[in-house]
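All of the numbers you see were taken from the coordinates with simple rules; none came from a lab. Worth saying up front: this structure is predicted, and the values here are computed from it rather than measured. As a convention, Cβ positions derive from the backbone with ideal geometry for all residues, glycine included, and neighbour counts pool all protein chains shown.
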Amino acid sequence: EEASRPYRIIPYSRNTKFTGRKSILDSVKSLSKRNGHNRIALLGLGGSGKTQIAIEYVHQYASEDNCDIFWVQGSGVLKFKEGFKAIARHVRIPVASAETEEGFLLSVRRWFEGADSGDWILVIDNADNEEDFVGNNSHIAKFVPQGPRGTLIFTTRSRQVASRQDCERIEVGKMEEDEARDLFSRHYGSGGNLRDGEEEVVSMILGSVGQLPLAVVGSAAFMDETETPPRDYWTIFRDSDKGRTKLLSQNFSDIRRDVDMTESILSTYFITFDRITEQMPTAGGLLRLIAFFDRQNIPEQLLRESGIEGVDDPVGFRLAVGKLSGFSLVTTTKREDKTFYELHRLVQLSIQAYLSPGEWNKWRTTALRVISRIFPKYEHELRNICDAYIPHALAVLGPDHQDTLTSAINLALALQYQGKFKESEAINRRALEWHEKTLGRHHPNTLTSFNSLAAVLELQGKYAESEMLHRRALELRDEVLGPDHPDTL
């Protein structure tokens, strides 16, 4: 017997802990209510809550309207076909005895496009694999209905999928601070009650995970299930990379996610990294490289000078950056005709956790070399250039490497010219320590480091220590070069 109208295949119950996202829900409603055929993409980073928004929307719509609502998985061809076959059974589409599977699935598409279907919403969840959705004859795209009516809602990480499916894109980013706090409270214990002073700690946790819904829920679930107070969680998260990685790798249960979807924060990103590396190695290399820079205001020149295979080709470079942007892993900004990129905080953490020790060392060394090669020697006319590179040099710097020493010298001088004397002093002290350790006290570069540190101390009025260092440098030059050498004089 045919199911009664309206037809409903919604595999997930309504999430009573859902909160916020009103502007996005309003946008979906506005677009889906237009006459004719509508195609909408909820586009965003993994873990941004796209599926949860779609669940909330179809349940809101189901309570208000009599249109048919269906939900299928777009995460793989087999799952999509299973979903379409379930729809066929539900609405009693007959199967011809000699019909192929493809022919049968095309008959489901024709049902959506025909007069019998009426008005409908079809959610295609996790439509992330471009090979399945890009091109009219690709594995899934050929079965996606069009026609004169109905609304398609895709949830996807891929801008290319949204574009090629001719969707109106709705960007799903991080939550507002009050939304993230409310979501945390709904998942943390009974009512999310916090002790005195814990609200500020929770704010720091939420900020550190970028107010991304999956990370907010995962953090709250861990604290709730292990009875870990927010202050203790924050201490572990803040104090070591190892502790932070372990916390973000914890699995937690979400009954409103596809059973094959991973249930830890980091593994959500690992799947995307694998896919990007496989589809476009140049994009995979750029992603690994930028994880070692400061995550904000990354100059495009750093990527172009990386030496990664493919970046010298202007088209190849644009395709690679477009791939990262298309998966919402980086965002692009323009300032004074210059291009800068930014990584989400969790993406940066995830990339570094994703790399094997060997890869980690390889890409950190690559980042060091890029910085050393293009970080300019400081001149007044290059001030803006240096300002752009300083945070990235600071992020990459590490001990015991000649590239580090070169970068440190340029960086300290740049900071000094900016009037950031304390920061310059700190870098100069590190440079002197590294020079003494790696080159020895009598090496000319070490002697230069003595004078550089002395100079910045003098600028801060620390005359006694500055004089001591100048005297020490003079004594060492006298020992090494002799009293009549020009550098000694």
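Roughly how many whole Å is it from the C-alpha centroid of the range 122-201 to that of the range 1-70?
11 Å
Tell me, what HN-Hα J-couplings in whole Hz come from the Karplus equation 6.51 cos²θ - 1.76 cosθ + 1.60 at θ = phi - 60° for each residue of the range 8-15, using x for Gly and Pro?
Once θ is set to phi - 60°, the couplings for the range 8-15 become 9, 10, 10, x, 10, 6, 5, 8 Hz.
Return the loop-located trypsin sites (Lys or Arg not before Pro) in the range 28-137 (DSSP other than H, G, I, E, B) with at most 16 other Cβ atoms within 10 Å of their own Cβ; answer none if there are none.
Loop-located and lightly packed - Lys33, Arg34, Arg92.
For Glu467 and Arg318, calculate 0.36 nm times their separation in residues minus their Cα-Cα distance, and state this gained length in nm to one decimal.
Between Glu467 and Arg318, full extension yields an extra 48.4 nm.
Taking R0 as 41 Å, what FRET efficiency do you get between Ile374 and Lys142 from their Cβ-Cβ distance, rounded to the nearest 0.05?
So the FRET efficiency works out to roughly 0.30.
Taking the alpha-carbon distance from Lys85 and a cut-off under 26 Å, which lysines remain once sequence neighbours fewer than 8 residues away in the same chain are dropped?
Result set, ordered by chain and number: Lys50, Lys142.
Would you kindly derive the ³J(HN,Hα) couplings of the range 21-35 from the backbone phi angles with the Karplus curve 6.51 cos²θ - 1.76 cosθ + 1.60 (θ = phi - 60°), listing them in order in whole Hz, with x for Gly and Pro?
6, 4, 5, 5, 4, 5, 5, 4, 4, 4, 5, 6, 8, 5, 5
Throw me the Rg/Rh for the range 264-374, computed over C-alpha atoms with Kirkwood Rh, two decimals.
0.93
Would you work out which of Thr155, Ser107, Tyr389 lies farthest towards the positive end of the dipole of the chain? Charges go on Cβ: Lys and Arg +1, Asp and Glu -1.
Looking along the dipole axis, the top candidate is Ser107.
For the range 230-236, just list the computed ³J(HN,Hα) in residue order, Karplus coefficients 6.51, -1.76 and 1.60, θ = phi - 60°, integers in Hz, with x standing in for Gly and Pro.
So the Karplus estimates, Gly and Pro as x, are x, 5, 5, 4, 5, 4, 5 Hz.
Taking loop as defined by DSSP and a crowding limit of 13 other beta carbons within 10 Å, which GluC sites (Glu not before Pro) in the range 57-160 fit?
Glu99
Using the basic label-point model (7 angstrom from Cα toward the beta carbon), what is the Val134 to Glu99 distance in nanometres?
Taking the simple label geometry, Val134 and Glu99 are separated by 3.2 nm.
In deg cm²/dmol and to the nearest 500, what is the mean residue ellipticity at 222 nm of the chain if only DSSP H runs of at least 4 residues count, each as -39500 (n - 2.57), divided by the residue total?
-17500 deg cm²/dmol
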